[in-house]
1. From Lys94, Lys78, Lys85, Lys38, which residue is of a type in the set (Lys, Arg), crowded, with 18+ Cβ neighbours inside 10 Å and either on the phi > 0 side of the Ramachandran plot or modelled with pLDDT of 80 or more (or both)?
2. Kindly list, by first and then second residue, each pair from a residue in segment 146-158 that is farther than 13 Å from Glu102 by Cβ to a residue that is outside any helix (DSSP H, G or I), limited to pairs with Cβ atoms under 6 Å and residues at least 6 apart or on different chains.
3. Need pairs with beta-carbon distance below 8 Å; first residue in a helix (DSSP H, G or I) and within segment 163-181, second surrounded by 10 or more Cβ atoms within 10 Å (Cβ to Cβ); sequence gap 6+ or separate chains.
4. For segment 123-138, which positions are part of a helix (DSSP H, G or I), surrounded by fewer than 18 Cβ atoms within 10 Å (Cβ to Cβ) and not aliphatic (A, V, I, L, M)?
5. Looking only at segment 1-47, which residues are charged (D, E, K, R) and farther than 20 Å from Asp92 by Cα?
6. Here is a list of conditions, (1) closer than 30 Å to Pro129 by Cβ; (2) surrounded by 12 or more Cβ atoms within 10 Å (Cβ to Cβ); (3) among the small types (Gly, Ala, Ser), and Gly8 meets all of them except one; can you say which number that is?
7. What about Asp70, is it surrounded by fewer than 16 Cβ atoms within 10 Å (Cβ to Cβ) and assigned to a loop (DSSP other than H, G, I, E, B)?
8. For segment 47-67, give me each residue that is among the β-branched types (Val, Ile, Thr), surrounded by fewer than 17 Cβ atoms within 10 Å (Cβ to Cβ) and in a helix (DSSP H, G or I).
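The values are calculated or read from the model by the stated rules, or taken from the named source; none is laboratory data. Only a predicted model underlies this, so the values are computations on that prediction, with no experimental measurement involved. Note that each Cβ is placed from the backbone with ideal geometry, even for glycine, and that neighbours are counted across all protein chains shown.
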Amino acid sequence: MLRITIPGTDAFDEQLEKFVTVGDVTLELEHSLVSLSKWESIYEKPFLGKDPKTTEETLGYVIAMCSAPDISLDSLAKLTDENVKQVNDYIDAKMTATWFNEASGSKSRSTETITSELIYYWMITLNIPFECQHWHLNRLFTLIKVFNKKNAPAKKMGKQEMIQQRNSLNDQRRAQLNTKG
């Protein structure tokens, strides 16, 4: 969970006819499957899709991430550049110590569009408890990837590996049986 503070500002109160200071606003944000699902139900398009987000859609995601449902658009309009950087850094954070040993440049991505329902499907298929829907989304993706790697069938041997293994076995048998071949 990310906690950010939007700094207060001075505003003119027309009823009192004087300037008043509007206090700081603290937001608690959660980048999770729940937030993703809320956003997709409002905008009816995949959040993780390739299409760029409008300013309205981006602010809509910040609202979906808020634990307090009564955040005003006026408060969000006062987000500072530092606040936006904090939110983006939080969304991009790995949030896990797990790493994968992958060959460089082999980040193969599926062409399948990922939506909240697909992620819920993965959770159900892999028997991941629903409490994980509140985890940071990148941490949940890492868990799903771990499940997939651990449950993947063993890789088939390549042709060169097979030849090398057979040659090695033949050499061992020749040595055991004291023969030349």
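1. So the residue among Lys94, Lys78, Lys85, Lys38 that is of a type in the set (Lys, Arg), crowded, with 18+ Cβ neighbours inside 10 Å and either on the phi > 0 side of the Ramachandran plot or modelled with pLDDT of 80 or more (or both) is Lys38.
2. Here the result reads Phe147/Leu126, each pair linking segment 146-158 to a residue that is outside any helix (DSSP H, G or I).
3. Gln165/Met157
4. Matches in segment 123-138: Thr125, Phe130, Glu131, Cys132, His134, Asn138.
5. Answer for segment 1-47, where residues must be charged (D, E, K, R) and farther than 20 Å from Asp92 by Cα: Asp10, Asp13, Glu14, Glu17, Lys18, Asp24, Glu44, Lys45.
6. Here Gly8 clears every test but (1).
7. yes
8. Thr55, Thr58
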